[in-house]
Number of protein chains: 6
Amino acid sequence: MPKLTHFNTAGEAHMVDVGGKPSTTRTAVAEGYIAMLPETLRLIMAGGHKKGDVLGIARIAGIMGAKRTADLIPLCHPIPITHVDLALEPQPEASRIRCQTTVQTVGQTGVEMEALTATQVALLTIYDMCKAVDRGMSIESVRLLEKIGGKSGHWQRDAGEARSSTR
Amino acid sequence: MPKLTHFNTAGEAHMVDVGGKPSTTRTAVAEGYIAMLPETLRLIMAGGHKKGDVLGIARIAGIMGAKRTADLIPLCHPIPITHVDLALEPQPEASRIRCQTTVQTVGQTGVEMEALTATQVALLTIYDMCKAVDRGMSIESVRLLEKIGGKSGHWQRDAGEARSSTR
Amino acid sequence: MPKLTHFNTAGEAHMVDVGGKPSTTRTAVAEGYIAMLPETLRLIMAGGHKKGDVLGIARIAGIMGAKRTADLIPLCHPIPITHVDLALEPQPEASRIRCQTTVQTVGQTGVEMEALTATQVALLTIYDMCKAVDRGMSIESVRLLEKIGGKSGHWQRDAGEARSSTR
Amino acid sequence: MPKLTHFNTAGEAHMVDVGGKPSTTRTAVAEGYIAMLPETLRLIMAGGHKKGDVLGIARIAGIMGAKRTADLIPLCHPIPITHVDLALEPQPEASRIRCQTTVQTVGQTGVEMEALTATQVALLTIYDMCKAVDRGMSIESVRLLEKIGGKSGHWQRDAGEARSSTR
Amino acid sequence: MPKLTHFNTAGEAHMVDVGGKPSTTRTAVAEGYIAMLPETLRLIMAGGHKKGDVLGIARIAGIMGAKRTADLIPLCHPIPITHVDLALEPQPEASRIRCQTTVQTVGQTGVEMEALTATQVALLTIYDMCKAVDRGMSIESVRLLEKIGGKSGHWQRDAGEARSSTR
Amino acid sequence: MPKLTHFNTAGEAHMVDVGGKPSTTRTAVAEGYIAMLPETLRLIMAGGHKKGDVLGIARIAGIMGAKRTADLIPLCHPIPITHVDLALEPQPEASRIRCQTTVQTVGQTGVEMEALTATQVALLTIYDMCKAVDRGMSIESVRLLEKIGGKSGHWQRDAGEARSSTR
C-alpha cells in the first residue's frame, strides 16, 4: 500500500526533507476553467478590447498567487520560481474561460502546487470581478496537465481522461 | 446591459467604494470537490482515524486561507472575519471529497470571496498531501451556494442547477 | 516645540493609541511621478492600446500595495480600507507618468500612508516593467495632496508649493 | 524598437524566464530623498541622540521592505537576498534626508527592485513618523545609482545627470 | 468538564463565531524574558547608548509582529489593533531582559494573542541579533499578565504565581 | 570584546553579507515548553484521540511559522528551507507540553531562527486554543539545542545547563 510522504512513521505531519535531492530544472503545467452565463463571458470579452480588462487583472493575480504558494499550503517548500506564464482563453462555445499556467524553477522540488495555486487565484479573481452580475459561476477541473523534471520524471495527463472530465 | 462594477467609467480597475454601505451581518456558503482515485480516498480516510490526518490539515489551511483573501484577490476589500467553519466530507460513492465553507462577518461588504478562497486552499492542500500517490486528482465545482445579508439580500443556488453541475 | 507622537515620553517607539477616536469617514489623496526617456513613455503608451498594458498592471499593484501598508510601515495601524482609486496619466510634454491615488476608510485613523504606499508601489511597478530599456527612470514628488476627516480636519497642499516642487 | 520583456509576443504579461541564466553575484545601489521643513529635520536629528530614533526605525523598515519586494511587485522574481545595507544621511543644507541602499544576492536575476523598494519603504516610514508635524514632506529622486553583475554588466548613473536631477 | 471552544461538536476546528459579541475596548498585557550571559547583556546595554540599538530594533519587530498575529495563529480572528506599547527592560541582577507588551483594540474579541506574539517576536529578535556571541540564550515565562474587557471581564495573574514562576 | 555582527562600524543595523559563504547543509534543533494546569493537559491529550486535535494544529502552525521567519525577524536572511519536523510531547509529570523542532536547509546561513520561530508559533497556538479554559499557561525555555553546519561548526547545548534551566 502506498504511503503519504507528508507524514512520518508516527503519522505526524512534517515538511518532507528534500535537502539531498539534486537541484534541477522543473516544470509544471496546470489548467482550470470557470463556467459562466453567456452574457457574462460577452462582458469579459468586450472588456479585453478597450475597457475593464478582467483577464489582464486575473493574469497578474495568478502570477502573484504563484509566489504565495508556500504561505498558503502548509507543507509546501518555499521555492525561488524562475518563470510563470498564465494564459486565459475564452471558450464561447462552452461559455467558460480556460486558464493554463506553466511554472518553472531550478530547485530541489517540483512546482505543481505553484501552477495549481496560480490557476486557482486567477479563476477566483475572475469570479470576484464578475460576481455582481453572475453569482452562479463555477470553477471546474483545476488539475495538473504535465510535470517535467525531478526523480519521478515526466508525467502527462492522459488525453482521454482530460477530455472526458471537462466535457 | 449590466456593468462590471470593478471598473470606473474610463474602464480602469478600482476598489469599489463601500464606505457608504451599512455595517451588517453577512454570511456566505461555498462548496467544492476534489475527485481522486478510490485508493487515494481510502488512504485519506484511514488517516483520519489514527495517522496522517490529511483532512484536519486541509481544514486549518482553508481557515487560514480565508484570512489571506484580500492579499490574493486584487480588488477584494480587507474584512475582519468573525467566523469560519469548513467541513470536509469523504464521498466514497463518487470517489471524491466535498468541502463546504461558511464565512461570516459584520461589515460593509460580503464574504463570498473568503468562502471560495478557503475552499480552494483546503482542496489544494489535499492535492499537495496526496500528489505523490495520485497526480491526476481534479478540483471541481468550486462555487457559491448561498449568500445572506447586504443590499442584494438572500441568494441561493438553484438546487437543480447545483445538482446538474456536479453529476 | 512640536513632538513626534510615535514616541512615548521615554523616547521609545509605540503604536499610537487611537482607540478613543471616533470612527469617521477619512479620505487621503496622494500623487507621484516617474520620469523617463521619451522613447520609454512611447513604448508604454503604445502598450495601452493593444499589447503590454504596463499602466493596467501598475494600477493593480498599487491597489494591492495599499492593502499591505500596515505590513510595511512599522507603526502604521491596520485599517479596513473601503475604497481605492488610482489614476495613471502619461504626460508626454514632461516625459513622465503621473500617479494620483485616492484612498478612503471609515475608521479611527487616517489613510495618508495607504495613499502614499499605493502610489509608490504603482510607480515601482512601472520601473520594474521598463527597466530593461531605461534604467535611469526616477521617481519624483511622491507626496500628500489632500486629507479629509479626523480631528485635524481638512488639509490641502498649497497649489503654489505643489507646482514649484514638480517643475 | 526595443521591447518590454515582461510581455510575451501576444502582449500578455508573464514572469520572465530566468532559469537558464547563471547564478552570479549581483549588486544594486539605489538612492532617494525626503524633503521636509527645517524644523522637522531638526526634530529627527535631535531624536537620533537620545530619544525617538526615527532614522533607526526607518532603516529597519527599509531592510524588511527589501524582503517583501516580490510580494509587492507583480512580475518580480523571488530572490534570496544575501546582504542589505541602508544609510540615512540628514542634509540640513537642503532640508532633506538622503537614503542610499545597497542590496546583494547570488542568483539568476538582479536586485534593483529590492534596492528601490527598500529605499521607498524607509522614506515612507520617515513620512509616517513625522506626518503629524509636517504633512507636506515630499519623496524625491528615488532611482538606481549602480548595478553590478548579470548579462547586462556594470551600469552606473551618469554623474552629471544625477547631480542635475537632485538639485 | 470544560470544553475547548475552538472545536465544534464533531471535534473539528473552526474559527469561533464572535459576530454576536459587542464591540468594546479590550486590553491585554503580556510579559516574557530572555536570559543570557552577563557579557551579552553588557553588550546590549552599551549599544543602547550610542551604537547597535538591539532593544530599539526588537521593539519595532514586536510591534510589527502584533500585526501579523492572525497570519500566524490558525484560529485567531483578524483584529484592527488600536494601540501597541512594548517595553524592554534590562535586569542585570538576573542577567536577562524583560519584555512587557500592552495591546488594545475596540472590537469583538480579545487581544491576548497579539500581546503574546509581539512579546515572542521581540525576544526572538534579541536572540537573532546576539546569537553570534551567545547561542545559549533562553526565552522564559512568556505569559499573560492582565486582560481587560469582553464577557470574561478583568483577569489578572496572581502576583504570587507570577513571582514564583520567574524566580 | 566581542562585537554584534548585525551592526556596521557606525553602529547601524544591516543585513549581514553572507554572499561569500559556501552553500552547505545546515541543521538547527530547538526546544520549548508550555506549562499549564493538569486539567488543561488532560483536555489536550483527550483531544488527540478523537476530537479537537490541538497538537496536530499546533504542529502545522509551527511548520508554517518556520516559513515566515524572515518576514518577522528584521535582519534574518530569507532561506529556502528544505525540511521541518516538529514534535510535541505531553509531559504529564511536569504538567506541560514539550516542543522540539528540527529545521534544515542547504544554504549560506543557518536556520536557528527558523527552528526557534516554529517552536514559538506552535506553543502560541496551543495557548490560543486552550486560553478559554486556562489563561495562566506559560511558555518556558525556548532555546537552541543543537546547530550543525556552517563556519562555526557543531554546537550543542550542555546537558547540565539544559537540565538546570528547565527544572
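Brief remarks on what is shown
- Test: A:Lys50 is closer than 30 Å to B:Glu12 by Cβ, at pLDDT below 95, over 14 Å from the mean Cα position of the chain (by Cα) and surrounded by fewer than 16 Cβ atoms within 10 Å (Cβ to Cβ): yes
- Residue list for the range D:1-33, filter: part of a strand (DSSP E or B) and open to solvent by 40 Å² or more (accessible area, probe 1.4 Å): D:Thr24, D:Thr25
- Selected residue (criterion: most open to solvent (accessible area, probe 1.4 Å)) from residues of the range D:34-46 that are assigned to a helix (DSSP H, G or I) and more than 7 Å from every other protein chain (Cβ to nearest Cβ): D:Arg42
- Filter pass, F:His14 being facing chain E (nearest Cβ under 9 Å) and at pLDDT below 95: no
- Check on E:Asp128, without any contact (Cβ under 8 Å) to a residue 60 or more places away in the chain and within 19 Å of C:Val18 (Cβ to Cβ): no
- Within the range F:116-159, restricting attention to residues that are more than 7 Å from chain E (Cβ to nearest Cβ) and assigned to a helix (DSSP H, G or I), the residue that is most open to solvent (accessible area, probe 1.4 Å) is F:Ala159.
- Total residues in the range D:57-79, condition facing chain C (nearest Cβ under 7 Å) and either among the small types (Gly, Ala, Ser) or part of a loop (DSSP other than H, G, I, E, B) (or both): 7
- Qualifying residue in the range D:103-113 (condition: of a type outside the set (Phe, Trp, Tyr) and assigned to a helix (DSSP H, G or I)): yes
- Output for the range A:77-86, where each listed residue is open to solvent by 10 Å² or more (accessible area, probe 1.4 Å) and of a type outside the set (Val, Ile, Thr): A:His77, A:Pro78, A:Pro80, A:His83, A:Asp85
- Qualifying residue in the range F:57-66 (condition: touching a residue at least 24 places away in the same chain (Cβ under 8 Å) and under 24 Å from F:Ser152 (Cα atoms)): yes
- Of C:Val84, C:Val54, C:Val29, C:Val106, all but one fail to be of a type in the set (Val, Ile, Thr) and within 11 Å of chain D (Cβ to nearest Cβ); the exception is C:Val54.
- Flag if B:Ala87 is in a helix (DSSP H, G or I) and small (Gly, Ala, Ser): no
- Selection status of C:Pro80, modelled with pLDDT under 95 and touching a strand residue (DSSP E or B) at 6+ places or on another chain (Cβ under 7 Å): yes
Here is a yes/no grid of residues against (1) in contact with a helix residue (DSSP H, G or I) (Cβ under 6 Å, 6 or more places away or on another chain); (2) closer than 22 Å to A:Met137 by Cα:
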| position | (1), (2) |
| --- | --- |
| B:Val16 | no, yes |
| B:Gly20 | no, no |
| B:Leu37 | no, no |
| B:Val54 | yes, no |
| B:Ile63 | no, no |
| B:Ala70 | yes, yes |
| B:Leu86 | yes, yes |
| B:Thr105 | no, no |
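- The set of residues from the range F:87-97 being surrounded by 21 or more Cβ atoms within 10 Å (Cβ to Cβ) and within 13 Å of chain A (Cβ to nearest Cβ) comprises just one member, F:Leu88.
- The residues of the range A:10-47 that are closer than 26 Å to C:Gly62 by Cβ and free of Cβ contacts under 8 Å to residues at least 24 places away in the same chain, listed by number, are A:Ala46, A:Gly47.
The values are calculated or read from the model by the stated rules, or taken from the named source; none is laboratory data. Treat the numbers as computed from the prediction; the structure is a model and nothing was measured. Counting neighbours? That spans all protein chains shown, and the Cβs are built from the backbone with ideal geometry, glycine included. Please note that ligands, DNA and RNA were not included when accessible areas were found on the heavy atoms of the full protein model with its side chains. Shrake-Rupley method; radii C 1.70, N 1.55, O 1.52, S 1.80 Å.
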